[in-house]
């Protein structure tokens, strides 16, 4: 017979005022298996805990029930108490007689009766408890950062500075990401390249950082502390070690058909190219789809001109397999496709551009060398209309627009408008807005400066349509404040397009079993208290992959993610949650149902020799990886042969509680 | 005119939820008949929500709307202002009992060339 | 229907640890009362609720069973409540076929922030069960008694 001890807490008057604690202790004493039952003023106090410890030792208890506050409050406390007295911490059950009884009931008899029933349920459960030991798993002291934009770079630098190895995997040939494409940054107007490129160089030179550019993560297996990633390093057709980045090949290349991705396709580049002057690594790459050699087998001009002998047409993709303790997702964003909005004539006129394209048109390294010229005829525009919320805050059609606010557009539009007015005071600038949202340090001041100092014309309303009329763009919109419809003959129209997660995010999310919302942004473990962690242990979030944000926010989130990574990597081993699923091999029929419902991929099937009274031989059985299992119990209910059970919340335990309550 | 048409009536007739409106003004930015109207599409949404149905019913604006559905097509929040305007128009017709025929008169007017859709919509329209 | 004043319904509420149990705690700390007939059993996730537990409760004389979990999309384990929702839909239709009034079984989504909703849900459910009166006991063919 088991020996159970019952401890009823008064919680001062919190419980004792409405529950007759003595009566509860007396009633529970007569339950079968209970050898000790008492009440005390504050069980969680040191004296209360000592009382529990002494009783466990004196009565050699097998399990204890504490009738007190919510287990969410003090379960951990009492488990430690039990452990200190030599009792397995999972032989503790809590009956919640404060939140569920004394605080919500007024009638003493009724409350006391309910407290007794809850106490009985806890006793019934603890009798079915089994001692559990948490498993441990080792930690590989290396982090993987997916994405080499400012978010990924910052996280990698912070982790690397703490002394851990970091690999950055970037799908394009250079790190730098979207920030490298920007001209100036709000609200200080310092140039993006000037503040970003030193960080890119630092990442490249850091002894703990290993850059894997032009590479993609192919698969990830494992779990927190010991992930295994397979990374495909795509063939550059250029020997990265030999290439000096001199750029001769890029000038000699006769193919000029490739659209320059860095300039948003506003101009073209050679088939062999270096994305931009400050690219890191500053190595050439051959775009095989546009290369004459790959299409016809002839040409090879780059090879002939390369004094370093770096061109390697026979280079193959390389697969790299490495172990990581933590993975940081920093996949970033892209602007949505503006051509879905036919009312803005984006497809009809070259002079209707997106804001990121406009950014390139204003940039000294851009296609116009920083002079603002109309893409159609290269003339200087005299009247520009900016349209905000193109595809943001749009709930009508998910394929076209996004329901969320993209957060950064109000500020970058104010920046563009201000820069145009500063550089070209003869240009009229109109901004159509729904709301101007500028919550940020020095943000509203910045926007007001655009209006007051630079004379940008902000119009509260939306543009209904843009039509091409000769060289002009006729913009028809509403001005809600003057209650008029306005018509503007503009030279250029700039669309502040919504931003969406990078298209690779979805497959990475699936690979990592990291949950995402309907917009493909990664979900955080808790929206307020754990904003940089994914609900999947060991996966961290950095930057826009979690939700729209500007550069300062991205950098602070990147640092926060890094600190979480460092916290994880500093541990030598991880202690798991022992309340995990477990398959009874004798009952398991190998149906794979549990494997399919597991949200964490914790269940695998193995052929195993099983010996039982009714079966002897090899069969296919489910095995739960205790380090991955989070203990939700989905598999236990799915299992048709009741082979799967959840430790700490087993079928027998819950049945016993049901029986005790319905007695 | 009797002032007994409520916001609820208009919403029931139109099936529109004006609370979805985020007051961006795209409907009025799109409207080709804007300058003909006293109350503009975005104002319809706002005024129906505010219960100013009388003003709308008395305004000529309800007859200026071309029912081109541009506002409905462009609205980023799916508010459908054109349906509200149509509903106000209907409210006027219903109140004045201005329907010049009932559904019983329809069969006599049918001929083979009449599209099926027109018959269905006529039945719907004149059936009280 | 004559309601026996002595009779008190037995109501079992299964609450997921992350949302609804926390919601119940919030109802408690906000001192929002609901009938003492409701007894809560903590489970890690709504998907841990085996239909057998509900059958067992009805066999042992429960008058109503309610399952509370995280709102769809908010499950701590990503997808648990979706499984629970589907399983309960099937189970409840079977229970109603067995003669358990469909008003005696319910699924509600209660988040950790919805203390008032938790209390309101329990009040409403307890009221419904009290009005329905005593439940028929599900018999177990394996048991010889009755």
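Can you name the condition, by its number, that residue A:561 falls short on among (1) within 14 Å of chain C (Cβ to nearest Cβ); (2) at pLDDT 90 or above; (3) surrounded by 20 or more Cβ atoms within 10 Å (Cβ to Cβ)?
Single failed check for residue A:561: (1).
Being buried (at least 17 other Cβ atoms within 10 Å of the Cβ), without any contact (Cβ under 8 Å) to a residue 40 or more places away in the chain and within 14 Å of chain C (Cβ to nearest Cβ), is that true of even one residue in region A:112-121?
Within region A:112-121, one or more residues are buried (at least 17 other Cβ atoms within 10 Å of the Cβ), without any contact (Cβ under 8 Å) to a residue 40 or more places away in the chain and within 14 Å of chain C (Cβ to nearest Cβ).
Could you please give the count of residues in region A:62-78 that are buried (at least 22 other Cβ atoms within 10 Å of the Cβ) and either at positive phi or in contact (Cβ under 8 Å) with a residue 40 or more places away in the chain (or both)?
7
So which of A:22, A:53, A:106 is surrounded by fewer than 19 Cβ atoms within 10 Å (Cβ to Cβ), assigned to a loop (DSSP other than H, G, I, E, B) and over 39 Å from the mean Cα position of the chain (by Cα)?
When all the criteria are applied, what remains is A:106.
If you take the residues in region A:404-420 that are assigned to a helix (DSSP H, G or I) and in contact with a strand residue (DSSP E or B) (Cβ under 6 Å, 6 or more places away or on another chain), which one is surrounded by the fewest Cβ atoms within 10 Å (Cβ to Cβ)?
Within region A:404-420, the match that is surrounded by the fewest Cβ atoms within 10 Å (Cβ to Cβ) is A:420.
Specify which of the listed residues (A:96, A:88) is assigned by TED's automatic domain parsing to the domain that holds residue A:9 and more than 21 Å from residue C:21 (Cα to Cα).
After ruling out the rest, the residue left standing is A:88.
All but one of (1) over 25 Å from residue A:542 (Cα atoms); (2) outside any loop (DSSP other than H, G, I, E, B); (3) in contact with a strand residue (DSSP E or B) (Cβ under 8 Å, 6 or more places away or on another chain) hold for residue A:320; state the number of the condition that does not hold.
(1)
From the set of residues in region B:46-69 that are in contact (Cβ under 8 Å) with a residue 40 or more places away in the chain and buried (at least 16 other Cβ atoms within 10 Å of the Cβ), which is farthest from residue B:20 (Cα to Cα)?
The selected residue is B:57.
Yes/no per residue for (1) touching a residue at least 60 places away in the same chain (Cβ under 8 Å); (2) closer than 17 Å to residue A:95 by Cα:
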position	(1), (2)
A:1	no, no
A:6	yes, yes
A:9	yes, yes
A:14	yes, yes
A:34	yes, yes
A:38	no, yes
A:53	no, no
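Kindly indicate whether any position in region A:229-247 is closer than 28 Å to residue A:567 by Cβ and surrounded by 18 or more Cβ atoms within 10 Å (Cβ to Cβ).
So far as region A:229-247 goes, yes, one or more of its residues are closer than 28 Å to residue A:567 by Cβ and surrounded by 18 or more Cβ atoms within 10 Å (Cβ to Cβ).
For the structure I just gave you, tell me whether residue C:30 is surrounded by fewer than 24 Cβ atoms within 10 Å (Cβ to Cβ) and in contact with a helix residue (DSSP H, G or I) (Cβ under 8 Å, 6 or more places away or on another chain).
Yes, satisfied.
Any idea which residue in region C:80-89 is surrounded by the fewest Cβ atoms within 10 Å (Cβ to Cβ), counting only those that are touching a residue at least 12 places away in the same chain (Cβ under 8 Å) and either within 7 Å of another protein chain (Cβ to nearest Cβ) or over 15 Å from residue C:16 (Cα atoms) (or both)?
C:87
Against the condition closer than 17 Å to residue B:15 by Cβ and surrounded by 12 or more Cβ atoms within 10 Å (Cβ to Cβ), how does residue B:94 come out, does it pass?
yes
Residue by residue through region A:595-613, note down the ones that are closer than 28 Å to residue A:536 by Cβ and either part of a strand (DSSP E or B) or within 24 Å of the chain's Cα centre (by Cα) (or both).
Passing the criteria: A:596, A:597, A:598, A:599, A:600, A:601, A:602, A:603, A:604, A:605, A:606, A:608.
Looking at A:456, A:436 in this structure, which one is more than 13 Å from chain B (Cβ to nearest Cβ) and either surrounded by 14 or more Cβ atoms within 10 Å (Cβ to Cβ) or over 25 Å from the mean Cα position of the chain (by Cα) (or both)?
None of the others qualify; the one that does is A:456.
Looking at (1) outside any strand (DSSP E or B); (2) within 13 Å of chain C (Cβ to nearest Cβ), which is the one condition that is false for residue A:90?
Tallying (1) outside any strand (DSSP E or B); (2) within 13 Å of chain C (Cβ to nearest Cβ), residue A:90 fails exactly one: (2).
Residue-by-condition table, conditions (1) at pLDDT 95 or above; (2) under 16 Å from residue A:431 (Cβ atoms):
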| position | (1), (2) |
| --- | --- |
| A:460 | yes, yes |
| A:472 | yes, no |
| A:478 | yes, yes |
| A:488 | yes, yes |
| A:492 | yes, yes |
| A:496 | yes, yes |
| A:512 | no, no |
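Just give me the residues in region A:618-653 being within 7 Å of chain C (Cβ to nearest Cβ), in a helix (DSSP H, G or I) and in contact (Cβ under 8 Å) with a residue 12 or more places away in the chain, in sequence order.
Correct list: A:634, A:636, A:651.
State all residues of region C:48-74 that are facing chain A (nearest Cβ under 8 Å), touching a residue at least 40 places away in the same chain (Cβ under 8 Å) and touching a strand residue (DSSP E or B) at 6+ places or on another chain (Cβ under 8 Å); if no residue qualifies, say none.
Answer for region C:48-74, where residues must be facing chain A (nearest Cβ under 8 Å), touching a residue at least 40 places away in the same chain (Cβ under 8 Å) and touching a strand residue (DSSP E or B) at 6+ places or on another chain (Cβ under 8 Å): C:57, C:62.
Checking the structure you have, find out if any residue of region B:79-100 is assigned to a loop (DSSP other than H, G, I, E, B) and either within 14 Å of chain A (Cβ to nearest Cβ) or within 26 Å of residue A:461 (Cα to Cα) (or both).
Yes, that holds for at least one residue.
Inside region B:15-29, can you point out the residues that are buried (at least 20 other Cβ atoms within 10 Å of the Cβ) and either assigned to a helix (DSSP H, G or I) or facing chain A (nearest Cβ under 7 Å) (or both)?
Answer for region B:15-29, where residues must be buried (at least 20 other Cβ atoms within 10 Å of the Cβ) and either assigned to a helix (DSSP H, G or I) or facing chain A (nearest Cβ under 7 Å) (or both): B:18, B:24, B:25, B:26, B:27, B:28, B:29.
Tell me the strands (runs of 3 or more DSSP E) entirely within region A:111-196 that contain at least 3 residues that are on the phi > 0 side of the Ramachandran plot, in contact with a strand residue (DSSP E or B) (Cβ under 7 Å, 6 or more places away or on another chain) and modelled with pLDDT of 95 or more.
Passing ranges: none, list empty.
Quick one: residue A:534 ticks every box in (1) at pLDDT below 95; (2) in contact with a helix residue (DSSP H, G or I) (Cβ under 6 Å, 6 or more places away or on another chain); (3) assigned by TED's automatic domain parsing to the domain that holds residue A:509 except a single one, so which number is it?
With (1) at pLDDT below 95; (2) in contact with a helix residue (DSSP H, G or I) (Cβ under 6 Å, 6 or more places away or on another chain); (3) assigned by TED's automatic domain parsing to the domain that holds residue A:509 applied to residue A:534, the lone miss is (2).
Given the structure, is residue C:93 away from chain A (no Cβ under 12 Å), more than 17 Å from residue A:639 (Cα to Cα) and without any contact (Cβ under 8 Å) to a residue 12 or more places away in the chain?
yes
The values are calculated or read from the model by the stated rules, or taken from the named source; none is laboratory data. Worth saying up front: this structure is predicted, and the values here are computed from it rather than measured. Please note: Cβ atoms are built from the backbone with ideal geometry, for glycine as well, and neighbour counts cover all protein chains shown.
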